[in-house]
Amino acid sequence: MLADVLAAPAGSAPPSPDKPWQVVNSASYAAEVRASDVLSSVRVTDDRTYELAELIDIAQRTNPETRVAWENARQAAIRSGIVESTYYPMLAIQAAAGYQHVASTIPKSVDPRGFFRADAEAILPMVTLKWLVFDFGGRDAALAAANEQLAAANFGFNARHQKIVFDVTRTYYNLNAVRSRVEVARSALRSAQTVQQAAESRLRQGLATMPEVLQAREQAARAAYDVEEASASEVDARMALLEAMGVRPSAALRVADLYQRPLPASLEAAADKFVEAALENRPDLLAHVAVVRAKDAEIRKARSEFYPRITASGNVGQNMGRVRADSGPWSTVNEPQYGVSIAIELPLFDAGLRKKRLQLAQAERRVAEEELNLARDRTVREVVKAYDDVKVAFRKRDAAAALLAAADRAYAAALESYRRGVGTYVDVATAQTHLTRARTSDTETRALVFTASAALAFSTGEIASSLPADASTGRSSR
């Protein structure tokens, strides 16, 4: 019977591994999920086109990661305030009231019974004060550690914002690149249809063969498929941008075309300049420095425990009560009482507890220092790679522009020759394929320049919300 009662209590684990758990009150959980939905309050309409700066502004206001980092910083500030309160005396008011009936033995020469009864009633209000006067720098070290942890949390908050700015920027450029690929695919479809019409016209004139026409139709069908595939990629890119912004995926969003923005300026400063900027500005590096300083303060706090602590305390109150013996007359009191004391505390033996705490603090400090070194080395590698990526992106962009111009002329010449009966279908089909690839390279390298420039700005810790071409990465305009 007891087993049946305990078989499935409310909130118990699933009864077996092959059946899902039956939620008893799922409606209450779902209600809280709906109540905590912040994304539903974000207004993104499809009647306007959003620039990159506007998308970043929305992300900084709505992305849950910013609120998490903000709350972490606030918690660190509260912990610092908690340590500051230890500098002040602790004042408390307390009161006690009670009644006591006791029986005590006495010599029979005093009372033949050998005992007596007593009743006592008392009210004891009191004000107490306790103040840690001196602890050889223990509180100073604790406050320094808390303040450095607060600085680390604030640096982390800034780093989270920069990460969100970069994520939105990167996904925005990627969306534009995918949209450009859609346009390239549509342009390729129109070119394939043009070639198909030319092949069918030549067939009617007896200048082309049926295999040529079938190949042209196949090329047009493949181009139509490429349009649909590129459109599907655009949906994925749009979802990635909405996710980076922290906006509901179903929100309608229209973004400005990347081709409306001029290309960033080419790099002029050496890579070392960007490395120096990163070492000065990267918030994650500065957060590691703050952690090392906090560990230093914790070492000082652990050392202070080897020295005495001096505490002052005092109290003032009123003794209001009465007492009687063997139901006799009451004796009353209503007098103040007070006292002060100075206490010096020095632990003599703790089985090595203080020594182990100091060793632990020193070990944590060494770990924090090595993590700082790793982060610094990683930052240098990231900056140098991002710098090289920007250089490569500009070279690829120049090559892609030249390739597009050449491919466009070659396709136009091949198509005209084919229409006149001079060229072959293989020539025009090859030229069309090369033109499509050149257009794709042109759009991808343009987006690559923007993305690489943003990555360099992010790696140096200087990425800004508006990402101006002449300020975000330290480049000068062309």
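The values are calculated or read from the model by the stated rules, or taken from the named source; none is laboratory data. Just so you know, these numbers come straight off a predicted model, no measurement behind them. FYI the Cβ positions are ideal-geometry reconstructions off the backbone, even for glycines, and counts take in every protein chain you see.
Values for this structure:
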read-out: Residue satisfying all of: in the range 327-358; in contact with a helix residue (DSSP H, G or I) (Cβ under 8 Å, 6 or more places away or on another chain) and not basic (Lys, Arg); surrounded by the fewest Cβ atoms within 10 Å (Cβ to Cβ) among these; value: PRO347
read-out: Residue under evaluation ALA406, criteria (1) under 27 Å from LEU263 (Cα atoms); (2) under 44 Å from the mean Cα position of the chain (by Cα), criterion not met; value: (2)
read-out: Number of positions in the range 186-205 that are within 16 Å of GLU218 (Cβ to Cβ) and under 58 Å from the mean Cα position of the chain (by Cα); value: 11
read-out: Checklist (1) within 21 Å of the chain's Cα centre (by Cα); (2) in contact (Cβ under 8 Å) with a residue 24 or more places away in the chain applied to ARG74, failing item; value: (2)
read-out: Test: residue in the range 276-286 that is farther than 30 Å from PRO64 by Cβ, touching a residue at least 12 places away in the same chain (Cβ under 8 Å), of a type in the set (S, T, N, Q) and not assigned by TED's automatic domain parsing to the domain that holds GLN100; value: no
read-out: Only listed residue being more than 30 Å from GLU51 (Cα to Cα), surrounded by 21 or more Cβ atoms within 10 Å (Cβ to Cβ), of a type in the set (A, V, I, L, M, F, W, C) and touching a helix residue (DSSP H, G or I) at 6+ places or on another chain (Cβ under 9 Å), chosen from ALA221, ALA199; value: ALA199
read-out: Among (1) aliphatic (A, V, I, L, M); (2) in a helix (DSSP H, G or I); (3) in contact with a Lys or Arg (Cβ under 7 Å, 6 or more places away or on another chain), the one test that ALA265 misses; value: (2)
read-out: Qualifying residue in the range 126-144 (condition: of a type in the set (Phe, Trp, Tyr), at positive phi and assigned to a loop (DSSP other than H, G, I, E, B)); value: yes
read-out: VAL333 vs. criteria aliphatic (A, V, I, L, M) and outside the structural domain of VAL291 (by TED's automatic domain parsing); value: yes
read-out: Failed item, numbered, when ASP111 is tested on (1) over 30 Å from LEU55 (Cα atoms); (2) surrounded by 14 or more Cβ atoms within 10 Å (Cβ to Cβ); (3) of a type in the set (Asp, Glu); value: (2)
